[in-house]
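What follows is a short report on a single structure.
The values are calculated or read from the model by the stated rules, or taken from the named source; none is laboratory data. Computed from a prediction, not measured in an experiment: that's the story for all the values here. Here the Cβ positions follow ideal geometry from the backbone for every residue, glycine too, while neighbour counts run over all protein chains shown.
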Amino acid sequence: MHKSFDLYFVSSNVHKYQEAKTILGSLGIDLGFLKSNLGEIQSNSLRNIAMAKARDAFSKFKRPVIIEDDGLFIDSIGGFPGPYSSYVFKTIGNRGILDLLKNSRGANFVSIITYCDKTTLQSFEGKLDGKISKTQKGKGWGYDPIFIPNNSVKTFAEMNNKNELSHRFKALKKFSRWYLHKWE
Ligand code: IMP
């Protein structure tokens, strides 16, 4: 029989779940996984996308859930790909992004974690400043091989402590403070 959880992460991306489980585990919250492709609305706001996804997840599973929506915002190209990060990764990928960038390489990674249950819908944001590397370095999922956090010389893919400082960590830390307090 499957173990049941008080809280589930709903996503089609198992990498995100594994990182979220490790991070929340270290903050005292046990996280289950429901693999599902949630509908994404078109919007310029990660928060609006995340809230719509969270409502969709709750209406599908009728259990307390969190979902995540992320974006990689590159300064020199007006914050692109931002809310379109998933589409851009699937189309031009890391190679295409490296080709677009000539000079300025500043960027930031944003994670929105949204919680939804019968009565509550609440979002938490984590932002990490950094830059885009000149070449792909290390083996990792998604944009990990091209994102270098500030104060680091390594890409996410080369680091062994990504989960202690990532955009995901920052959003989940805020979420955990709120979630643990909710039950006091
Ligand atoms: P999504 O729309 O929330 O799934 O994420 C937007 C894009 O950013 C997707 O292509 C993800 O694979 C990518 N992404 C989000 N977080 C990370 C990360 O921590 N490392 C690498 N890529 C990421």
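The table below gives the values:
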{"read-out": "Lone unmet requirement of (1) buried (at least 17 other Cβ atoms within 10 Å of the Cβ); (2) assigned to a helix (DSSP H, G or I) for Tyr87", "value": "(1)"}
{"read-out": "Residue satisfying condition, being among the basic types (Lys, Arg), under 17 Å from Phe9 (Cβ atoms) and away from the ligand (no atom under 16 Å from the Cβ), within set Lys53, Lys62", "value": "Lys62"}
{"read-out": "Subset of segment 98-137 that is of a type outside the set (Ser, Thr, Tyr) and within 11 Å of the ligand (Cβ to nearest atom) - its residue that is farthest from Phe73 (Cα to Cα)", "value": "Ile113"}
{"read-out": "Residues of segment 13-38 that turn out to be within 12 Å of the ligand (Cβ to nearest atom) and either among the charged types (D, E, K, R) or at pLDDT below 95 (or both), as a count", "value": "4"}
{"read-out": "Search result, residues across segment 65-78 that are within 20 Å of Ser45 (Cα to Cα) and either of a type in the set (A, V, I, L, M, F, W, C) or more than 15 Å from the ligand (Cβ to nearest atom) (or both)", "value": "Ile66, Ile67, Leu72, Phe73, Ile74, Asp75, Ser76, Ile77, Gly78"}
{"read-out": "Segment 23-44, residues that are over 19 Å from Asp56 (Cβ atoms) and over 17 Å from the mean Cα position of the chain (by Cα)", "value": "Ser26, Leu27, Gly28, Ile29, Asp30"}
{"read-out": "Residue among Ser76, Ser43 that alone is farther than 21 Å from Leu180 by Cα, in contact (Cβ under 8 Å) with a residue 24 or more places away in the chain, of a type in the set (Gly, Ala, Ser) and in a helix (DSSP H, G or I)", "value": "Ser76"}
{"read-out": "Filtered residues of segment 79-96 (kept if of a type in the set (Val, Ile, Thr) and either closer than 16 Å to Ala157 by Cβ or near the ligand (Cβ under 10 Å from one of its atoms) (or both))", "value": "Val88"}
{"read-out": "Residue count, segment 1-21 (criterion: surrounded by fewer than 16 Cβ atoms within 10 Å (Cβ to Cβ) and either under 17 Å from the mean Cα position of the chain (by Cα) or without any contact (Cβ under 8 Å) to a residue 12 or more places away in the chain (or both))", "value": "6"}
{"read-out": "Condition broken by Pro64, with the remaining ones in (1) surrounded by fewer than 16 Cβ atoms within 10 Å (Cβ to Cβ); (2) in contact (Cβ under 8 Å) with a residue 24 or more places away in the chain satisfied", "value": "(1)"}
{"read-out": "Top-ranked residue of segment 134-184 - restricted to ones that are among the basic types (Lys, Arg) and not in a loop (DSSP other than H, G, I, E, B), ranked as surrounded by the most Cβ atoms within 10 Å (Cβ to Cβ)", "value": "Lys162"}
{"read-out": "Complete set of residues in segment 119-160 that are farther than 20 Å from Val14 by Cα and either among the hydroxyl-bearing types (Ser, Thr, Tyr) or without any contact (Cβ under 8 Å) to a residue 12 or more places away in the chain (or both)", "value": "Thr119, Thr120, Ser123, Ser133, Thr135, Asn151, Ser152, Val153, Thr155"}
